[in-house]
Amino acid sequence: MVSAAVRTVGMLSFLLVAGVRNPSAATVPNLSNTPVATISAITSDLAPLEAATAAAGLDSDVLHEALSAREAAVRSGESTSTLLTVIDYGLPSRERRLWVIDLATDSVLAHELVAHGKNSGGDIATSFSNRRGSNQSSLGTFVTGDTYHGKHGLSLRLHGLDAGVNDAAFDRAIVIHGAAYVRESIVPQLGRLGRSQGCPALAEDVAPRIIEMIKGGTVVYAAGRK
């Protein structure tokens, strides 16, 4: 059974999404042979999903932005998954501000800490960039790619879908990875989490589970103060 959230996001995208999607065919996973897992309807009930995400602290406006972004990616053939990862960089880094949502079951699968780029701000990220060497986070819609093992262990490549906003993510090596500076015990010392070079870094003990969950063509949406 397809949930109310999946049935509704088609209409949300028509009403709310604006912008250009420009993925690179060379870097975005080929999903052309996978059936699109979405049904659009004008009258649907988002209440179960809204209740579940509100209980986990996700802002309603950010949720609706993310749903619209995900539906745009589905309509463009860049994703078929009902999993949706939301990052709210408008929240302090010392708070859990990453959610993994399953739209098929209206449930929150994960709610975790996530770091932002060191030049994006202190506890709250206020500056964002698509430029190499900026050491800033990027906003917008991404689709997850493949995994690899690097200096931070298991890592997950991201492909930005928003031209001029985050479409340099792959070339910038903006990836999801674990980091020792993402832990609650560092907050009393720094007043915030540690910061990355622009990557959405997770706690070392959390990263492998999240990466395995969302790899291979799911949507990640990053919101923040612009």
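The values are calculated or read from the model by the stated rules, or taken from the named source; none is laboratory data. Fair warning: this is a prediction, and the values are worked out from it, not measured in the lab. Here Cβ is always computed from backbone atoms with ideal geometry, including for glycine, and neighbour counts include all displayed protein chains.
Within the stretch 65-97, being in contact with a strand residue (DSSP E or B) (Cβ under 8 Å, 6 or more places away or on another chain) and among the small types (G, A, S) holds for A66, A69, A72, A73, S76, S79, S81, G90. I'm told T144 meets every condition in (1) touching a Gly at 6+ places or on another chain (Cβ under 7 Å); (2) within 25 Å of L190 (Cα to Cα); (3) not aromatic (F, W, Y) except one. Can you identify the failing condition by its number? Only one criterion is unmet by T144, namely (2).
Note on the stretch 106-123: residues that are farther than 23 Å from E204 by Cβ and outside any loop (DSSP other than H, G, I, E, B) total 1. When the stretch 49-104 is filtered for residues that are crowded, with 24+ Cβ neighbours inside 10 Å and among the basic types (K, R), the ones remaining, listed by number, are R70, R97.
Going through (1) touching a Gly at 6+ places or on another chain (Cβ under 9 Å); (2) over 22 Å from H64 (Cα atoms) one by one, E184 falls short only on (1).
Can you list the helices (runs of 4 or more DSSP H) found entirely within the stretch 1-105 that contain at least 3 residues being in contact with a helix residue (DSSP H, G or I) (Cβ under 9 Å, 6 or more places away or on another chain), among the aliphatic types (A, V, I, L, M) and modelled with pLDDT of 90 or more? Step through it out loud before you land on a result.
Working: elements: 4-16, 47-55, 60-75.
Ranges flagged: 47-55, 60-75.
For the stretch 106-143, a tally of residues being of a type in the set (A, V, I, L, M, F, W, C), within 20 Å of E65 (Cα to Cα) and either out of contact with any His (no Cβ under 7 Å at 6 or more places or on another chain) or at pLDDT below 95 (or both) returns 7. Tell me, please, whether a residue that is within 19 Å of the chain's Cα centre (by Cα) and part of a loop (DSSP other than H, G, I, E, B) can be found in the stretch 179-190. Checking the stretch 179-190: at least one residue is within 19 Å of the chain's Cα centre (by Cα) and part of a loop (DSSP other than H, G, I, E, B). Go through the stretch 181-212 and count every residue that is under 19 Å from D88 (Cβ atoms) and crowded, with 17+ Cβ neighbours inside 10 Å. Count: 16. Determine, yes or no, whether A222 is in contact with a Gly (Cβ under 9 Å, 6 or more places away or on another chain), farther than 17 Å from V86 by Cα and either buried (at least 23 other Cβ atoms within 10 Å of the Cβ) or not acidic (D, E) (or both). Against the criterion (in contact with a Gly (Cβ under 9 Å, 6 or more places away or on another chain), farther than 17 Å from V86 by Cα and either buried (at least 23 other Cβ atoms within 10 Å of the Cβ) or not acidic (D, E) (or both)), A222 does not qualify.
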